[in-house]
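Undergrad: Quick one: structure below, then a few questions.
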Amino acid sequence: MKYEPIIGLEVHAQLLTHSKIFCGCSTQFGREPNQNTCPVCAGFPGVLPVLNKQVVEFAIKAGLATHCTIASSSILARKNYFYPDLPKGYQISQYELPICTGGYIDVQIDGAQKRVRLTRIHIEEDAGKNIHDAHGAASLVDLNRAGVPLLEIVSEPDIRSPQEAGAYLKTLRQMLQYLGICDGNMEEGSFRCDANVSIRPEGSEALGIKIEIKNLNSFKAVEKSIEFEIERQRETLLEGGKLIQETRLWDDHREGTRSMRSKESAHDYRYFPDPDLPPILTDAEWIDRIRAGLPELPNDRKLRFMKDYALTAYDAELLSSRRDIADYFETAVAIHANPKALGNWIIGDLFRVVNERKLDEQLYITKWPVPPQHLAQLVELIDEDKISGNIGKTVFEAMLGSSLSPQEIVSEKRLEQVSDVGAIETVVEQVIAANPKQVAQFQSGNEKVFGFLVGQVMKLTQGKAKPQKVNEILRKSLNRRVT
Amino acid sequence: MSLAQLTLHDAAEKLRNREFTAVELTEAVFQRIAETEPRVCAYLTLAHDRALEDAARADEARKKVPGSGPLLGIPIAIKDNFLTKGLRTTCASKILGDFIPPYDATAIAKIRSAGAVIIGKTNLDEFAMGSSAENSGFFPTRNPWNLGRIPGGSSGGSAAAVAADECTAALGTDTGGSIRQPAACCGIVGLKPTYGRVSRYGIIAFASSMDQVGPLTKDVRDSALLLEAIAGHDPADSTSVNSIVPRYSEMLADDIKQLRIGVPKEYFVSGVAAEVGYAVRKAVDELEKQGAVVEEISLPYTKDAVAVYYIIATAEASSNLARYDGMRYGYRANARDLLETYTDSRAAGFGPEVKRRIILGTYVLSAGYYDAYYLKAQKVRTLIKQDFDEAFKKCDVIVTPAAPTAAFGLGEKIQDPLQMYLSDICTIPINLAGLPALSLPCGFDKDGMPIGIQLIGKHFDEPTILRVAHQYEQSTPWHKQKAKFKD
Amino acid sequence: MKLSREELRGVALLARLRLSPEEESPLAMELDAILGYMDKLNQLNTDDVEPFGHTMTALNPLREDRVTNQPDTESLLANAPDRDGTFFKVPKIIE
C-alpha cells in the first residue's frame, strides 16, 4: 500500500511594530523581565484593548502579497483558556471572520513551481513567556512578550513532502521580510511553525487522521519532523495500528515526535466576538493605498534582475534574497551600470565582511561596510582602467577602514594604474637585468617563469602597472633578447 | 441642617460664595458617616485622610482660579468596582485580596481633575452581580429608608450613601439596572447613560457589551452636572463614542409640551406590584398635565429580555473574570500544583452568585451550546433593540416602572436566583439595546418605601430624559423627602 | 436534568472552579431552572436576524504605532502574590 502525505503548515509571525497590538508598550526584545508591560498587557482589572493600526496594515500587506481576499469587516474574538503566560485568561485572536482569506504562495521546488493555497491570515496577540525557576519548584512569568502582535498564516493541506514544506516556509519568510513586517527568525521565535501531517492511500480522496506537530525551532526541524511523522504514521497503519488525532511534540535531541504528556482534555476555547473591540473595517481606498505601497516581491525582483541585468539565476537569487541587499545592489547599478561586476563584489567581498563583522541584523544589514555609491565608483575606476583589478582589492580593503571614497583613496595612496609604455619599459629592463637566471630559463623554453618575472615588475611598481601592458612589454623585451 | 444634606448644585454654589470651605463640607460628610454608617454599611473603604487632603487642595485651587467648575471640592462616593489609584479596590470580593490599583479609572481621573473629593469606596454585589447588595463578599448594605430592606443592587452602597447623605453624590455602574434599580429603592436619581457615552476604562468588567458608568444623585440637576463631568470620548476605550458632550445642566429648563411619551404595556404586567404600577401611572398623568402626549405602545420582546441578558452577561462575565486567577494579583490559595492553585483560589475567592454566573456563562459558550444559547441570545437581542427603534419612531421618551416592586426585605430573595433575576425585568432591556435611562422617585408604597419611575431615551438623547425628569421632579415633592432610617 | 453531574464538573474545570460535593447538587438544580428558563428563546424565530453587533461605536478606533508607555515594573509587581526579581512567580508549569 502506497501512502501519500498531506501536509499543512501554520505559521505565527511576530510583527515588527514599535508598540504592542493593544497597548503602547514597547515590543523591543531583550529587556528586563516585565519591563515592557503595563496594566493592559498584564491583564489587570478594568483594562481595555485598543488596536494598533499598523498591525492591520501589515495584515493587509501580507494578504495582498499572497493574493488573499481582504475582509471589509473582520472580527476579533476571544480564545479562552487558563495559563500563567496568558494574563487575561483569554487570547484576543480572530475566529469566524478573519481579515484575510483564500490566497496562495507559489513555491519553487526542483525547478518546478508549486502553488500552495492559503486558508486564512489573521491577527492575534502573543502570550508571555514562562521559565522554570532555579530550583525547579516554581515557574517564572515574564509578560514582555504578552501582547506582541502576531499574524497567523494557515496553509491549505496542499504540501506533499518535507522538502516542499521547507521551500514553502522559506518563500513565506522571505516574503514577510520583503514586506518589512516580520524578521523571520525561527531560532529567536519571531517566526514559528506548527505542522499538520496526515497520510492517505495514494489516489484516495479521503483525508487521513490529522496530527499536529509542535515545538519546531528551525527549518531543519520542520523537515525532519515531517519526515519522521510520515514514516511513523505509515508504519503504524501498515502494522494494522490506529492513528489518533493528537498533538505531538518534536524532540530535537531524540529526533522524533512524541505525544504531549499533559492530556489536554480537548480544549474548548469557547470563542466569541470580543465585546471590547468593534469589527475591523477596511475600505477599497485604504487597501488601494497599501497596495500602491507594496514593494516588488522577491520572485518578481529576481526575474527582473535576470532579465534587466543579465544575471544568472544563481546570482539573481542571492542578490534578491533580501530586500536590503537588492536595494543596495540596484542603488549601485544605477550609478555605474556593471551589474555583473557589482554583483560579484557584493556576493564575494561584501558578504564576507558583513559576516566577519556580524553586521547582519536578520532583516537588514544595519550598517553596510561600504556605501553603494562607493562600491559603484570602485567598479567604475576598474572599468575605466584607472586601476587594476588587483589594486581594486587593495582599495576595497582600505575603504573598509575609512569613509573616503575610492577615488580619494586612490589619489591619497597614489594607486593609479601605470599604463605609460615608457615607464613600464624602464621597469621591465630593470627586472630583466636583475634576474638573468630566470631570463635564461625563459629563453630556454620555461613559460612558467614568465609569471615570476611579471611578479617582479608588479612588485617594483607596487602593483600599479597595468597587467596587460606588463605582459606585452615584458614578452616583447624578452623576445627581443633572444635574437 | 448638616452641610452633608446639600445637593451638589447647592453645595457648589455655596462653595463658590465662600459660605464654607471644601474641608468643612468634607468634614460634615464624615461626621454624618460616623452617625449613620454603623446602621447603613454603605462603605467598604473610607479615605478620610486622603479626602481631607483633596478638599484642602480644592480650597487652594479655588483661591487661585475663581471661576471653578461645579465639582471642585464636592465629596463623591465611588462604587468599589472603579479602580482608584493607591486606594484599595475590592469589587466586594475576596478574590481581589488587598489589591491596590496602579492607575485611576478614566471616570475617576476626570472627576479628580475637576477637583472632586473622593470620600471612599462603596459596597456592591460582588463583581456587580446582583440586585440587592446582598451578594457582597463582605456584608450587606441596608436601605436608609428601612434598615430591614435591601438598598437595591448592584450599586447598593452608592445609592444608600446618597440617600443617607453620606456623600453629596456618587458614581455607580449599570449593566442590567444596577444604578436605576437601587436609585428607585433608595428614593434618589440614578442615570445610566447611552452605551459608549462614558468610558469603561478602569471599571472592573462584568458584561462588557452592557456595562456603563453613571451618577447616583439627590436630584436631576446633580445628575446632569455629574454626567457632564464624566462623559466623553476616551481613546483607551474602543467602545467609547467620539461625539460632543452637551451641556446637560443647561438643557433642563424647557417645558415638555408636545413631547411624545410611550408607555409600554409589557411593563405593567403581573410581576409588577400594583402600588408600583399605580404610582407610575400617576406620574405619567402628571407629565400629561404638563403638556406631554401619552400613548400606549408595545415592546413585544420584553418578556425575553431576562433570558437574553443572563446568557450574554454571564458569557461575557465568565471570560472577564478569568483573569482573577491568583497569579499576578489578588488572593492565591496554598495548593499542591498549578491546577489546584487556580481552582482553589477561585473557589475560595468568589462568592456563590459569581460562581453560579461563571458556570452558566462558561456553559452557554461551550462547544455544542454556543449556537443554541449565545448566538440565539444575540439574535433575540437584535429583536429587542428593534422593538425600541420602532417605538422611538413614534415617541421621544418611554416611561416604565424602574423596578417591579419597592425594596424587598433582606434575605427575602437571596435563596432563589431565578426570582432575583426576574426583579431586573424593567431595567434589563435597556442595557441590551444600549439606550440611556434614568430613574427617579415618583411616590411611596404603603410601607413608606420609595417607588421609582424610569425614563428611557433614544441613543445619546440624555438631554430629553433629563429634561423630562427635571420638569417632573420640580413639580412633585418626592425629591425633598429624606430617608427615615426605620428599623 | 439539563446538566448532568459529569457535565457540571466538566464546565467547572473549564472555568477553573473547584466545586465542593455539597455545592454540586444545589448548583445543578439552580442551573437547571435557569437553563430551562432560557430555553424559551428557542421558540422564537430568528432565521433572518443578525446577531447584535457594534452598531453605535466610532468607526475603526485604531491607535498609531507609537511607544507611549513608560516602564513601571515595580508598580505592576506590587500586588503580586509571589515574585522573583522582576518575574511573577507562580506554581510550576508542567508541559
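Since every read-out is calculated from the coordinates, none of them should be taken as a lab result. Since we're looking at a predicted model, the values are computed, not measured. Methodologically, a virtual Cβ is constructed for each residue, glycine included, from the backbone with ideal geometry; neighbour enumeration extends over all protein chains shown.
Undergrad: Mind giving me the nanometre distance, one decimal, between the label points for B:GLN415 and B:LYS484, set 7 Å out from Cα along Cα→Cβ?
TA: The answer from the label model is 2.8 nm.
Undergrad: Also, I was wondering about something else. Run down the lysines and flag those whose C-alpha is under 17 Å from the C-alpha of A:LYS224, throwing out any fewer than 8 positions away in its chain.
TA: A:LYS224 reaches A:LYS170, A:LYS214.
Undergrad: In nm, to one decimal, how far is the A:GLU4 label point from the B:GLN474 one, both placed 7 Å along Cα→Cβ?
TA: Simple spin-label model gives 8.3 nm for this pair.
Undergrad: Using only the alpha carbons of segment A:3-286, what is the convex hull's orientation-averaged projected area in square nanometres?
TA: Details: hull surface 66.6 nm².
The directionally averaged projection comes out at 16.6 nm².
Undergrad: Straight-line reach only, C-alpha to C-alpha below 15 angstrom: list the aspartates and glutamates that A:LYS242 could link to, leaving out same-chain residues fewer than 8 apart.
TA: Reachable aspartates and glutamates: A:GLU229, A:GLU231.
Undergrad: What is the Å³ per residue value for the convex hull set by the Cα atoms of segment A:5-127? Kindly include the intermediate steps, with their values, before the conclusion.
TA: Numbers: hull volume 19.0 nm³, N = 123.
Enclosed volume per residue, from the Cα hull, is 154 Å³.
Undergrad: Another one. Around A:ILE109, which amide H atoms from residues at least 5 apart in sequence, or from another chain, sit under 5 Å from its own amide H, with H modelled in the peptide plane?
TA: A:LYS114
Undergrad: Continuing with the same structure: Partner chain Cβ atoms within 10 Å, averaged over the residues of C:36-47 - can you pull that number for me? The partial results should precede the final answer.
TA: Numbers: counts 1, 6, 12, 4, 4, 10, 3, 1, 8, 2, 9, 1.
The mean count of partner-chain Cβ atoms within 10 Å per residue comes to 5.
Undergrad: In terms of the Cα gyration tensor, with a ≥ b ≥ c the square roots of its eigenvalues, is segment A:296-413 rounded because a/c is under 1.5, prolate because a/b exceeds b/c, or oblate?
TA: Oblate shape, in that a/c is at least 1.5 and b/c is the bigger or equal ratio.
Undergrad: At 222 nm, what helix-only mean residue ellipticity would chain C give, in deg cm²/dmol to the nearest 500, using -39500 (n - 2.57) for each DSSP H run of four or more? Show your work: numbers first, answer last.
TA: Details: 3 runs with 33 residues, N = 95.
One gets -10500 deg cm²/dmol as the mean residue ellipticity at 222 nm.
Undergrad: For chain C, what D do you get in µm² per second when you plug the Kirkwood radius from alpha-carbon pairs into Stokes-Einstein at 4 °C and 1.567 mPa s? Let's see the in-between values first.
TA: Details: Rh = 19.6 Å.
So the translational diffusion coefficient is about 66 µm²/s.
Undergrad: To continue, here is another question. Along the Cα-to-Cβ line of A:ASN344, 7 Å from the Cα, sits a label point; which residues in segment A:374-400 have backbone N less than 18 Å from it?
TA: A:375-397
Undergrad: Quick one: what do you get for segment B:125-207 if you divide its Cα Rg by 2.2 N^0.38 Å?
TA: 1.01
Undergrad: Below 8 Å between Cα atoms, with a sequence gap of 6+, how large is the relative contact order for chain A in percent?
TA: Values: 838 pairs, mean separation 65.7, N = 483.
Relative contact order for chain A comes out at 14 percent.
Undergrad: Taking amide H atoms as placed 1.01 Å from N in the peptide plane, list the residues 5 or more away in sequence, or in a different chain, whose amide H sits under 5 Å from that of A:ALA465.
TA: Counting only residues 5 or more places away or on other chains, the set is A:VAL418.
Undergrad: Follow-up question, since we're still on this one. Over chain B, what per residue volume does the convex hull of the Cα atoms give, in whole Å³?
TA: In chain B, the Cα hull volume divided by residue count equals 136 Å³.
Undergrad: Follow-up question, since we're still on this one. For each pair in B:LYS121/C:LYS2; B:LYS64/B:LYS110; A:LYS2/A:LYS220; B:LYS79/B:LYS393; B:LYS79/C:LYS2, compute the distance between the two Cα atoms and list the pairs where it is over 32 Å. Write down the numbers at each step before the final one.
TA: On the way: B:LYS121/C:LYS2 40 Å; B:LYS64/B:LYS110 20 Å; A:LYS2/A:LYS220 25 Å; B:LYS79/B:LYS393 36 Å; B:LYS79/C:LYS2 37 Å.
From B:LYS121/C:LYS2; B:LYS64/B:LYS110; A:LYS2/A:LYS220; B:LYS79/B:LYS393; B:LYS79/C:LYS2, over 32 Å: B:LYS121/C:LYS2; B:LYS79/B:LYS393; B:LYS79/C:LYS2.
Undergrad: Ok, one more. Return the sequence-ordered ³J(HN,Hα) values of segment B:123-131 in whole Hz as given by the Karplus equation 6.51 cos²θ - 1.76 cosθ + 1.60 applied to θ = phi - 60°, using x for Gly and Pro.
TA: 6, 7, 5, 3, 6, 6, 9, x, 10
Undergrad: About its Cα centre, how strong a charge dipole does chain C have in debye, to the nearest 20, once Lys and Arg get +1 and Asp and Glu get -1 at the Cβ?
TA: Working: 11 positive and 18 negative charges, 60 e Å.
Around 280 debye, computed over chain C.
Undergrad: Oh, and also: Pairs A:LYS386/A:LYS466; B:LYS257/B:LYS394; B:LYS282/B:LYS486; B:LYS94/B:LYS355; A:LYS386/A:LYS413; B:LYS303/B:LYS385: which exceed 20 Å Cα-Cα?
TA: Details: A:LYS386/A:LYS466 9 Å; B:LYS257/B:LYS394 16 Å; B:LYS282/B:LYS486 26 Å; B:LYS94/B:LYS355 13 Å; A:LYS386/A:LYS413 14 Å; B:LYS303/B:LYS385 13 Å.
Over 20 Å apart, Cα to Cα: B:LYS282/B:LYS486.
Undergrad: Which loop-located GluC sites (Glu not before Pro) does segment A:391-483 contain, where loop means any DSSP state but H, G, I, E or B and the Cβ has at most 10 other Cβ atoms within 10 Å? Don't skip to the end; give the middle numbers.
TA: On the way: sites: A:GLU397, A:GLU408, A:GLU412, A:GLU416, A:GLU425, A:GLU429, A:GLU447, A:GLU472; in loops: A:GLU416, A:GLU447.
Counting only loop positions with at most 10 other Cβ atoms within 10 Å, the GluC sites (Glu not before Pro) in segment A:391-483 are A:GLU447.
Undergrad: Here's something else I'd like to know. Averaged across orientations, what area in nm² does the convex hull of the alpha carbons in segment A:327-481 project? Don't skip to the answer; put the middle values down first.
TA: On the way: hull surface 42.3 nm².
Convex hull of Cα atoms, orientation-averaged projection: 10.6 nm².
Undergrad: Please report the Cα spread of segment A:423-483 along all three principal axes, rounded to whole Å, starting with the longest.
TA: Its Cα atoms span 29, 19, 18 Å along the three principal axes.
Undergrad: Then there is this: Points 7 angstrom from Cα along the Cβ direction at A:LEU359 and B:LYS64: gap in nanometres?
TA: Between A:LEU359 and B:LYS64, the label points sit 5.5 nm apart.
Undergrad: Normalise the Debye intensity by I(0) for the protein assembly as shown, one equal point scatterer per Cα, no solvent, then take log10 at q = 0.06, 0.08, 0.09 Å⁻¹ and round to two decimals.
TA: The computed values of log10 I(q)/I(0) come out as -0.58, -0.87, -1.03.
Undergrad: Next up: Taking R0 as 35 Å, what's the FRET efficiency between B:MET251 and B:GLN31 from their Cβ-Cβ distance, rounded to 0.05?
TA: Working: r = 35 Å, r/R0 = 1.01.
In this case the efficiency is close to 0.50.
Undergrad: For chain A, build the convex hull from the C-alpha positions and give me its volume per residue in Å³.
TA: Values: hull volume 114.6 nm³, N = 483.
Convex hull volume per residue, Cα atoms: 237 Å³.
Undergrad: So what is the calculated 222 nm ellipticity per residue for chain A, using -39500 (n - 2.57) for each DSSP H run with n of 4 or more, over all residues, to the nearest 500 deg cm²/dmol? Mind showing how you got there, number by number?
TA: Values: 16 runs with 188 residues, N = 483.
Calculated at 222 nm, the ellipticity per residue is -12000 deg cm²/dmol.
Undergrad: Further question: Using packing as a proxy for protection, rank B:71-82, A:279-290, A:169-180 so that the peptide with the highest average count of other Cβ atoms within 10 Å comes first.
TA: Details: B:71-82: 28.8, A:279-290: 14.6, A:169-180: 21.4.
Peptide ranking by packing, descending: B:71-82, A:169-180, A:279-290.
Undergrad: While we're on this one: Arrange the peptides A:238-244, A:214-220 so that the one whose residues have, on average, the most other Cβ atoms within 10 Å appears first.
TA: Values: A:238-244: 9.1, A:214-220: 16.3.
Highest to lowest by the protection proxy: A:214-220, A:238-244.
Undergrad: Okay, next question. From other protein chains only, count the Cβ atoms within 10 Å of every residue's Cβ in A:71-83, then give the mean.
TA: Details: counts 0, 0, 1, 0, 2, 1, 0, 6, 1, 8, 3, 13, 5.
The per-residue average across the peptide is 3.
Undergrad: Would you mind getting me the FRET efficiency between A:GLU32 and A:SER402? Use the beta-carbon distance for r and R0 = 51 Å, nearest 0.05.
TA: Computed FRET efficiency for A:GLU32 and A:SER402 comes out at 0.85.
Undergrad: I'd like the distance between the alpha-carbon centres of segment B:1-66 and segment B:167-227, rounded to an integer number of Å.
TA: Going from one Cα centre to the other spans 21 Å.
Undergrad: Could the peptides B:239-248, B:200-209, B:121-130 be put in order, highest first, of the mean number of other beta-carbon atoms found within 10 Å of their residues?
TA: Details: B:239-248: 17.3, B:200-209: 26.0, B:121-130: 30.7.
Highest-to-lowest ranking by the protection proxy: B:121-130, B:200-209, B:239-248.
Undergrad: For B:ARG50 and B:GLU24 in the same chain, what is the full-extension length gain: residue separation times 0.36 nm, less their Cα-Cα distance, in nm? Please list the in-between numbers first.
TA: Numbers: separation 26, 0.36 × 26 = 9.36 nm, distance 1.44 nm.
That pair, B:ARG50 and B:GLU24, stretches by 7.9 nm at full extension.
Undergrad: Something else: Once Rh is set to the Kirkwood radius over Cα pairs, what Stokes-Einstein translational diffusion coefficient, in µm²/s, holds for segment B:203-300 at a temperature of 37 °C and a viscosity of 0.692 mPa s?
TA: Details: Rh = 16.8 Å.
Using the Kirkwood radius from Cα pairs, D works out to 195 µm²/s.
Undergrad: I need the phi-derived Karplus couplings for segment B:441-451: 6.51 cos²θ - 1.76 cosθ + 1.60, θ = phi - 60°, integer Hz, Gly and Pro marked x.
TA: Ordered by residue, 3J(HN,Hα) equals x, 9, x, 9, 8, 5, 8, x, 8, x, 10 Hz.
Undergrad: Continuing with the same structure: Where does each of A:TRP250, A:TRP368 land when they are ranked from fewest to most other beta-carbon atoms within 10 angstrom? It would help to have the intermediate numbers written out before the result.
TA: Details: A:TRP250 23, A:TRP368 18.
By the 10 Å Cβ count, ascending: A:TRP368, A:TRP250.
Undergrad: Run through all the Cα pairs of segment B:1-131 and give the fraction in each 10 Å bin from 0, expressed as whole percent.
TA: Here the calculated profile for segment B:1-131 is 13, 42, 33, 11, 1.
Undergrad: Here is a follow-up. Which of the cysteines found in chain A have nothing to pair with, since no other Cys Cβ lies under 4.7 Å from theirs?
TA: Isolated Cys, chain A: A:CYS23, A:CYS25, A:CYS38, A:CYS41, A:CYS182, A:CYS193.
Undergrad: Give me the Kirkwood hydrodynamic radius of segment B:303-376, using the inverse of the mean 1/r over all pairs of distinct Cα atoms, in Å to one decimal.
TA: On the way: mean 1/r = 0.0756 Å⁻¹.
This gives a value of 13.2 Å.
Undergrad: Now, a different point. How shielded is A:28-37 by partner chains, expressed as the average number of their Cβ atoms within 10 Å of its Cβ atoms?
TA: Working: counts 1, 0, 0, 3, 5, 7, 13, 5, 4, 8.
That average works out to 5.
Undergrad: Rounded to the nearest 500, what is the 222 nm mean residue ellipticity of chain B from helices alone, with -39500 (n - 2.57) per DSSP H run of 4+ residues and division by all residues? Intermediate values should be presented prior to the final figure.
TA: On the way: 15 runs with 180 residues, N = 487.
Value at 222 nm, helices only: -11500 deg cm²/dmol.
Undergrad: Can you figure out the FRET efficiency of A:ASP385 with A:THR312, using R₀ = 30 Å and their beta-carbon distance, to the nearest 0.05?
TA: On the way: r = 26 Å, r/R0 = 0.86.
Computed FRET efficiency for A:ASP385 and A:THR312 comes out at 0.70.
Undergrad: Tell me the trypsin sites (Lys or Arg not before Pro) within segment B:377-465 that lie in a loop according to DSSP and have at most 16 other beta-carbon atoms within 10 Å.
TA: When the trypsin sites (Lys or Arg not before Pro) of segment B:377-465 are filtered for loop state and at most 16 Cβ neighbours within 10 Å, B:LYS446 remain.
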